[in-house]
1. How high is the relative contact order of the chain? Use alpha-carbon pairs under 8 Å, at least six apart in sequence, and give a whole percent.
2. Only loop residues by DSSP count here, and only those with at most 16 other Cβ atoms within 10 Å; note down the GluC sites (Glu not before Pro) in region 42-132 that meet that.
3. Residue separation times 0.36 nm, minus the C-alpha to C-alpha distance between Q115 and Q210: what's the value?
4. Helix 36-55 against the longest principal axis of the chain: what's the angle in degrees, Cα atoms only, rounded to the nearest 10?
5. For the chain, report the accessible area per residue in Å² (1.4 Å probe, heavy atoms, rounded to an integer).
6. Excluding same-chain residues fewer than 8 positions from K212, which aspartates and glutamates have a Cα within less than 20 Å of its Cα?
7. If you plug each phi of region 226-232 into the Karplus form 6.51 cos²θ - 1.76 cosθ + 1.60 with θ = phi - 60°, what whole-Hz ³J(HN,Hα) values come out, in order, with x for Gly and Pro?
8. Let me spell out the model: positive unit charges on the Cβ of Lys and Arg, negative unit charges on the Cβ of Asp and Glu, origin at the Cα centre of region 210-366. What dipole size does that give, in debye rounded to 20?
Amino acid sequence: MIHTSTEISTDIDGGDAIVSAAPYTADHLYVTQFSPESIADFNESVELADRLVRLEDHFEKTETYHRFRERVFGVLAMRESRLRVGKTELKGAVLIGPAGAGKSRIAEEVIAEHQGLTKLSGNWRFGTRILSVVVPGRSTVKESLTAILHALGHPAKGRRDETYLTNLVMEYLKECRIAAVHLDEVQDSGRYKTKDSVEAFLKVFRNMMQHKEWPVCLIMTATPEAQHLVNMDEPLKRRLRPMEMRPMTFDADGQMLRNALKRLFKDAGISDPGILSHDEFVRILIHASAGRLGVAIEMAIEAIGGCLGEGGDVIDMGHFADAYEIRMDCDEELNPFVAEHWSTIDTMKALQRYEEERQVNRRRPK
């Protein structure tokens with residue numbers, strides 16, 4: 001049976017909000033007509049979100065990027081050459097850096113570039129695809145293997161033991177012509193972080209690099225907590241050669257950061273009244289982000305969002321102060337963009353709290 005709603009007219013802050021007469025069934029709600037102002041505001045918020053998301057595509061090719069690119073390209077080229085002559089033991093790469101440093105994005109760009117170049121080359125016989133998997137929080141070996149199978153498009157069915165899953169993973173890696181497996185957030189491996197659980201995790205992935213039929217290179221990105229995990233397995237450590245990201249400094253990275261912000265402002269269609277010309281602003285941003293490029297870029301995009309959200313096209317220090325306050329939920333005296341003695345603020349502690357809160361939803365319950 002079809003019912004008809006009753007037209008209702010109300011006035012909210014001087015604007016009309018009308019619920020029009022419209023047929024509806026049990027499966028439908030009232031059809032609501034909004035004021036032109038409400039529609040315009042909604043469309044503007046969607047457009048702003050789209051603009052900010054596009055800004056997130058910005059990537060800065062830093063020295064760390066070039067070093068890690070060289071390492072990844074090198075081990076994959078060596079894999080192809082070794083397999084052509086029947087040699088199977090391979091090497092890999094590990095990028096260690098704090099949360100928000102940009103290591104996952106570096107790996108993403110390196111992987112995309114390698115796959116594009118090998119596609120153009122067309123003469124690789126033993127696969128070129130790199131599979132990227134986020135290691136589930138506090139994962140066991142079985143859960144990590146299951147995550148790889150999901151990424152391969154072949155989820156495991158039913159309860160399977162570790163040996164079965166390992167063999168299944170290797171079978172599908174060969175079938176899908178996977179040349180390397182990228183494991184992100186490796187520091188979360190091992191449910192209880194015991195020596196036995198970590199060694200079991202490392203052994204499985206070390207064996208993937210020396211599989212007799214289809215060995216794959218191993219690429220890892222992780223926070224500094226993972227350094228001791230790799231150190232626990234000396235053979236794996238030699239094959240991976242961990243590379244550590246250094247925090248930004250004004251002397252080494254100030255100009256790079258300044259140039260990155262210039263491009264962001266230009267792409268966003270906003271102008272800089274001169275804040276980028278002040279060394280102190282760049283120093284404050286480096287300090288506020290605890291020397292992490294990824295965090296600095298995120299803060300800049302949030303500040304741009306605040307500027308554009310106000311309908312402005314000129315960005316200033318206040319927008320960065322607001323972005324920091326919203327992100328860190330802090331008072332002015334702990335906001336480096338406001339406080340006079342900004343260099344004494346422990347931004348590392350504030351950022352650590354922020355990252356811990358972000359991880360709450362990702363981590364599995366005990």
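The values are calculated or read from the model by the stated rules, or taken from the named source; none is laboratory data. Here the structure is a predicted model, which is why all the values come from computation and not from measurement. No Cβ is skipped: glycine too gets one built from the backbone with ideal geometry, and neighbour counts run over all protein chains shown. The protein model used for the area step is the full one, side chains on, heavy atoms only, and it has no ligands, DNA or RNA in it. Shrake-Rupley method; radii C 1.70, N 1.55, O 1.52, S 1.80 Å.
1. Details: 506 pairs, mean separation 62.0, N = 366.
For the chain, the relative contact order is 17 percent.
2. Numbers: sites: E44, E47, E56, E60, E63, E70, E80, E89, E108, E109, E113; in loops: E56, E60, E89.
The qualifying sites are E56, E89.
3. On the way: separation 95, 0.36 × 95 = 34.20 nm, distance 2.24 nm.
Contour length minus the Cα-Cα distance gives 32.0 nm.
4. Approximately 30 degrees, to the nearest ten.
5. Per residue, the chain has 55 Å² of solvent-accessible surface.
6. E80, E89, E162, E171, E175
7. 3J(HN,Hα) across region 226-232, in whole Hz: 7, 4, 6, 5, 5, 5, 5.
8. Numbers: 20 positive and 27 negative charges, 264 e Å.
That gives a dipole near 1260 debye.
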